[in-house]
Amino acid sequence: MEITSVELERFKRVQKAEIELSDINVLVGSNNSGKSSMLQGIHFSAGAAVAARRLDRVTFTQQSLLYCPSRNFVDLRNGGPYQNQSAFGYLRVRVVDDEEEDTYTVRVYRGRNEGNVGCERRGNLTIGGMVTAFIPPFSVYVPGLAGIPELEEYRSESVVRKGVASGDANLYLRNVLLLIKRKKLLSELTQLMKLVFPNFSIEINFDPVHDSHIHCLVRAGSAHKKTPIELIGTGVLQALQIFSYATLFKPKLLLLDEPDSHLHPDNQGLLAESFVALVDRLETKIIVSTHSRHLVEALYGESNFVWMKGGKIQEQGIGLHKVPILMDIGALDSFDNLINGSKDRVILTEDTNLTLIRKLAESSGFDMAKTNIYSYKASSNLNAAFVLTEFILEAAPNTKVIVHADNDFLTDDETEDLKKKIEKSGALAFVTEGSDIESYYVDPGHISELLKEDQEQIEKWLDELALATHNKLTHKFSRKRDEAKKKLYKNANAPDTLALMGDQVPLPPEKRLGKFMLSQVRSSMFTRFGKEVDLLSESDYLYSDFLQDMAQ
């Protein structure tokens, strides 16, 4: 019997969402998109079903709920509070058994009496037995962990199970570890932990005659000495919590809310590998919410990605090819404003520092309130910009996408080929008129207006700087041409670099690397003129002809 989907309606930020379950399912989306609400809603609804079965009643007090992320459960409903029968929410679990599909539905509402929970359960009884079981539980919800108490008293197994089910997982970690030891599952837990922390070992001690508190010592790093569990890093604690609950409870659904939040990027990749090991070794499926591009990239191609927006599922599928890039550049956190039409232009830039291109676009007449700028450089190459362009135009077809690439001393023919390649993706091509974005900021007219000095004096100064650094400038020109040779010609039949550079001394402005010249101008401005100005200020000369046309 395999769970194929879970559908949740009207819980906190979730309006209606159905996850088509794979072994590992990754929820992504902007803040307040419904990711955490989805996890909490599944666990809350399953807990309500457990209480209804255990009490053998349709209505019961809120205190009977195993898990309730609100002081008053009626406030958990999306679109208004739960009402008696008329306003409810539900969880629907879909299962395939011997190629036969069936469902089980948990419907939650407010009982007639004040403070009472109403819970109706309908559907396949076998599925119902799985959803409403206390051992093993249908779901375990693991929120992000910031730390654990300094001391933890021994509790009975029933108290521990109820405590973990209630969402207070961090308060019972030592008790869970003691149960794992007593049930002879410690080697299983240790093997899982070693997937993330290869040197991991743990010692758990409790004497029921003399002790009231459980003592745990952990070694996770290179140190030989074990450390009390309350003093180890939160990254180790987070992983230990996840693997402990999976080992002890073996839930059908393991719900992880941003488990990467305290892990180093290297360990986030290992955490992803451990998820694969978990679902291979245990009969469990994982639903994890994350903002981490490292975790997303590590699970890419292996998992069902679920992009949530406004409490609904925008798109889902195995390894959505756009997701790693979107996570990498932070686009998912600000993508909603494209969908709702509040942004009508997107600039994709190869620069990781967005300040210069943002100021250039603004100075060229762009309405920045309606413009988003993302860097695709972190995703390695221009192909990342093409993938992102495709995604944007699919989701927001009225948006104008502009892809920026530096000229980097390309020939006219090479520039035209680059523009055609960009335009083939559906984007508009902005190839800088000078070598790079910085070249706009060393325009003599721009500097002259800001410094309030004669433009001829500025041109003379720039030539002097170029002459004094001639060898460095020629080297940088050659390096950029070497990159073009490898990329465009594979080092064969490329135009001769020396012929393109010429023998003029100093190099003419169009053959000077803007990044280098901008640093020279900034460092020598005060010495030359006795004053300094912010070159990232607007002037009548700071603009791009192309961007001006786009702004109009």
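The values are calculated or read from the model by the stated rules, or taken from the named source; none is laboratory data. These figures come from a predicted structure and were not determined experimentally. Positions of Cβ are backbone-derived with ideal geometry, glycine not excepted, and every protein chain shown enters the neighbour counts.
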* Structure fact -> Considering the stretch 209-228, residues that are part of a loop (DSSP other than H, G, I, E, B) and touching a Leu at 6+ places or on another chain (Cβ under 7 Å), and then whichever is nearest to Tyr154 (Cα to Cα), we arrive at Ile214
* Asked: Of all residues in the stretch 532-552, how many are part of a helix (DSSP H, G or I) and of a type in the set (Ser, Thr, Tyr)?
  -> 0
* To do: Give Leu473, Leu450, Leu467, Leu462 a once-over and let me know the one that is modelled with pLDDT of 95 or more and either outside the structural domain of Gly434 (by TED's automatic domain parsing) or in contact with a Lys or Arg (Cβ under 6 Å, 6 or more places away or on another chain) (or both).
  => Leu473
* Asked: Residue check, Leu467 against (1) out of contact with any Leu (no Cβ under 7 Å at 6 or more places or on another chain); (2) surrounded by 15 or more Cβ atoms within 10 Å (Cβ to Cβ); (3) in a helix (DSSP H, G or I), all met but one. Which one?
  -> (2)
* Asked: If you check Ser45, Ser33, which single one turns out to be surrounded by 15 or more Cβ atoms within 10 Å (Cβ to Cβ), closer than 29 Å to Ser303 by Cα and modelled with pLDDT under 95?
  -> Ser33
* When only residues in the stretch 361-387 that are outside any helix (DSSP H, G or I) and at pLDDT below 85 count, which is farthest from Phe546 (Cα to Cα)? -> Ser380
* Top-ranked residue in the stretch 449-464 [being touching a residue at least 24 places away in the same chain (Cβ under 8 Å), buried (at least 18 other Cβ atoms within 10 Å of the Cβ) and in contact with a helix residue (DSSP H, G or I) (Cβ under 7 Å, 6 or more places away or on another chain); ranked as farthest from Leu393 (Cα to Cα)] -> Trp461
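Quick one: which of Gly426, Gly434 is closer than 23 Å to Phe391 by Cα, in a loop (DSSP other than H, G, I, E, B) and not aliphatic (A, V, I, L, M)?
Answer to the check: Gly426.
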* Asked: Among the residues of the stretch 50-57, is there at least one that is of a type outside the set (Ser, Thr, Tyr) and closer than 24 Å to Glu20 by Cα?
  -> yes
* Consider Leu513 carefully, then state whether it is under 17 Å from Thr415 (Cα atoms) and touching a Ser or Thr at 6+ places or on another chain (Cβ under 7 Å). => yes
* Structure fact -> Log entry, pairs with first residue in the stretch 492-512 being assigned by TED's automatic domain parsing to the domain that holds Ile437, second being of a type in the set (Lys, Arg) and part of a helix (DSSP H, G or I), beta carbons closer than 7 Å, six or more apart or on different chains, reads Ala494/Lys485; Thr497/Arg481; Leu500/Arg481; Met501/Lys511
* **Top-ranked residue of the stretch 509-531 - restricted to ones that are in a loop (DSSP other than H, G, I, E, B) and surrounded by 11 or more Cβ atoms within 10 Å (Cβ to Cβ), ranked as farthest from the chain's Cα centre (by Cα)** => Arg512
* When you go through (1) farther than 19 Å from Gly221 by Cα; (2) buried (at least 21 other Cβ atoms within 10 Å of the Cβ) one by one for Val276, which number turns out not to apply? -> (2)
* Search result, residues across the stretch 92-110 that are touching a strand residue (DSSP E or B) at 6+ places or on another chain (Cβ under 9 Å) and farther than 18 Å from Phe138 by Cβ -> Glu101, Tyr109, Arg110
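So which residues in the stretch 349-366 are more than 28 Å from the chain's Cα centre (by Cα) and on the phi < 0 side of the Ramachandran plot, if there are any at all?
Leu360, Glu362, Ser363, Ser364, Phe366
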* To do: Scan the stretch 529-552 and report the pairs whose first residue is more than 16 Å from Ala429 (Cα to Cα) and in contact (Cβ under 8 Å) with a residue 60 or more places away in the chain and whose second residue is among the acidic types (Asp, Glu) and assigned to a helix (DSSP H, G or I), with Cβ atoms within less than 9 Å and a gap of 6+ or a chain change.
  => Glu538/Glu362; Ser539/Glu449; Asp540/Glu449; Tyr541/Glu449; Leu542/Glu449
* Structure fact -> For the stretch 392-417, the count of residues that are part of a helix (DSSP H, G or I), closer than 25 Å to Gln314 by Cα and out of contact with any helix residue (DSSP H, G or I) (no Cβ under 7 Å at 6 or more places or on another chain) equals 2
* To do: Give the number of residues within the stretch 95-114 that are touching a Ser or Thr at 6+ places or on another chain (Cβ under 6 Å) and surrounded by fewer than 22 Cβ atoms within 10 Å (Cβ to Cβ).
  => 2
* Give the residues of the stretch 388-441 that are in contact (Cβ under 8 Å) with a residue 60 or more places away in the chain, surrounded by fewer than 22 Cβ atoms within 10 Å (Cβ to Cβ), among the small types (Gly, Ala, Ser) and under 18 Å from Ser544 (Cα atoms), sorted by residue number. => Ser439
* Of all helices (runs of 4 or more DSSP H) completely enclosed by the stretch 109-201, which ones contain at least 1 residues that are not assigned by TED's automatic domain parsing to the domain that holds Ser222? -> 125-131
